[in-house]
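Here is the structure we will look at, set down as structure tokens.
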Amino acid sequence: MSRHAVVDVHGVLLGRQRYDASSPGDFIVGLRDAGYLVHIITNSSSVTAADLTSELLAHGVKVCMSEVITMAMVAAYRLSSLGVDEVAVIGSDVLRAELERLVCGLRVTEVGASEVLLVTRDPDLTEETLDCVRRRPPRLIFATCRDTAFADASGVHAGPGITVHQVELAADREATLVGKPDPYVITEYLGLRGNELDTAVVIGDSLTQDAELAKRAGCRVLITGTPGTASCDLPNVSRLDQALDIIRGFE
């Protein structure tokens, strides 16, 4: 039976360099050598698997594109499983293009033209778009992520959760979450069941996203410590090169 490791991208494989000199590439190799199937996941829906794979390779993390999961991919899978043939999108052009590429026959329409709405980060969200949601509220709203902020090399930015909250208020209904910490990506997209869940491990740096994802899915968790999570009560490490010893102890 295969064991699965669900690894967060930002905070584990990318972005740790300022406080952890460990090699993320060595960590991924070690997971494979320990018998784990590796799934590298990002809550972002504005990047393609191909582009994220290239970024990881540029940072010395040898991965295959088939190991990378974006929220655009998970959203596409969910819409397809529900038989949705038309969806409006508030978010990036990358998300729109990925949905059309991944879901055969899916029509991506303007807001107000479909009963299904998919929402992600949109820093250019206008009052005109929100008015359209108020006038013709969709029957179903899906959100890729509820993070209210995220950080990258250029600083801290407003996250998708800001956009999602504005749309929920306009539509007077709650969105169904697609991304972390909802377990859909593990239980449905990856299709893990039974003992596969019991032996799977989620590796991430966020207590509210990664630890909660593991809890809801019924998996083990390892927190890769940051200055804010190094003292948590869950299994955690301050350096990535300490992680494999903890994971081997799960066996």
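Does Tyr36 qualify as being of a type in the set (Phe, Trp, Tyr), touching a residue at least 24 places away in the same chain (Cβ under 8 Å) and open to solvent by 30 Å² or more (accessible area, probe 1.4 Å)? Against the criterion (of a type in the set (Phe, Trp, Tyr), touching a residue at least 24 places away in the same chain (Cβ under 8 Å) and open to solvent by 30 Å² or more (accessible area, probe 1.4 Å)), Tyr36 does not qualify.
Determine, yes or no, whether Ala149 is among the aliphatic types (A, V, I, L, M), without any contact (Cβ under 8 Å) to a residue 40 or more places away in the chain and open to solvent by 30 Å² or more (accessible area, probe 1.4 Å). Yes: the conditions hold for Ala149. Number of residues in the stretch 1-29 that are modelled with pLDDT of 80 or more, assigned to a loop (DSSP other than H, G, I, E, B) and among the hydrophobic types (A, V, I, L, M, F, W, C) equals 4. Summed over the stretch 181-210, the residues that are in a helix (DSSP H, G or I) and in contact (Cβ under 8 Å) with a residue 24 or more places away in the chain give a count of 13.
Pairing each residue of the stretch 40-58 that is within 21 Å of Arg146 (Cα to Cα) with any residue that is of a type in the set (Phe, Trp, Tyr), provided the two are 6+ apart or on different chains, yields no C-beta distance under 8 Å. Candidates in the stretch 73-116 are the residues that are in a helix (DSSP H, G or I), of a type in the set (Gly, Ala, Ser) and out of contact with any Lys or Arg (no Cβ under 9 Å at 6 or more places or on another chain); of these, the one that is nearest to Val133 (Cα to Cα) is Ala75. Pairing residues of the stretch 102-120 that are buried (at least 17 other Cβ atoms within 10 Å of the Cβ) with residues that are outside any loop (DSSP other than H, G, I, E, B) and at pLDDT below 95, at Cβ distances under 9 Å and at least 6 apart in sequence or on separate chains, gives Val119/Pro160; Thr120/Pro160. Being open to solvent by less than 60 Å² (accessible area, probe 1.4 Å) and closer than 30 Å to Gly15 by Cβ is a condition met by at least one residue of the stretch 122-137.
The values are calculated or read from the model by the stated rules, or taken from the named source; none is laboratory data. Predicted, not measured: the structure shown is a model, and the values here were computed from it. Don't worry about glycine lacking a Cβ; one is built from the backbone with ideal geometry, like all the others, and counts go over all protein chains shown. Surface areas here come from the heavy atoms of the whole protein model, side chains and all, with no ligands, DNA or RNA. Shrake-Rupley method; radii C 1.70, N 1.55, O 1.52, S 1.80 Å.
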